[in-house]
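See below for the structure under consideration.
The values are calculated or read from the model by the stated rules, or taken from the named source; none is laboratory data. Nothing here was measured: the structure is a model prediction, and the numbers come from that model. Using ideal geometry, Cβ is built from the backbone for each residue, glycine included, and neighbour counts are taken over all protein chains shown.
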């Protein structure tokens, strides 16, 4: 036996949903949910809506309930996600303290990526902390030891030497 929707909307609610459904930039998922509500108001059964929209009865019941509880805002997708990580003063102090120490691989100063890997955070977090502290390690007057093929102590020739 097909269950009926038995959802009754006011004329203002119908007009609001119809206005949303006329928009060309409405996300398809939100339009689908609004169509479910409109069809329930029109007296369609769950089975009719399943066939017409290709959606299971559990989905119809969920969006009907959310619309009854919260109206149109209840039809929006909510992904709470992960709370944003805050750069606490304690963490900033740890990063700046570690920046003052020499890197473990023998280089003369840290790179963003190398310090980020050691501190287990993103390089953008390190860059933000360095910028706030007005650190510009790349502008210090010293040479960086390189692990490249020319780092074996050979002097590079310039055009003037030739």
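Just to check your reading of the model, which residue among 95, 38 is surrounded by 12 or more Cβ atoms within 10 Å (Cβ to Cβ), in contact (Cβ under 8 Å) with a residue 24 or more places away in the chain and closer than 30 Å to residue 19 by Cβ?
38
So if I check each of 98, 139, 143, 159, which one is out of contact with any helix residue (DSSP H, G or I) (no Cβ under 6 Å at 6 or more places or on another chain) and modelled with pLDDT of 85 or more?
98
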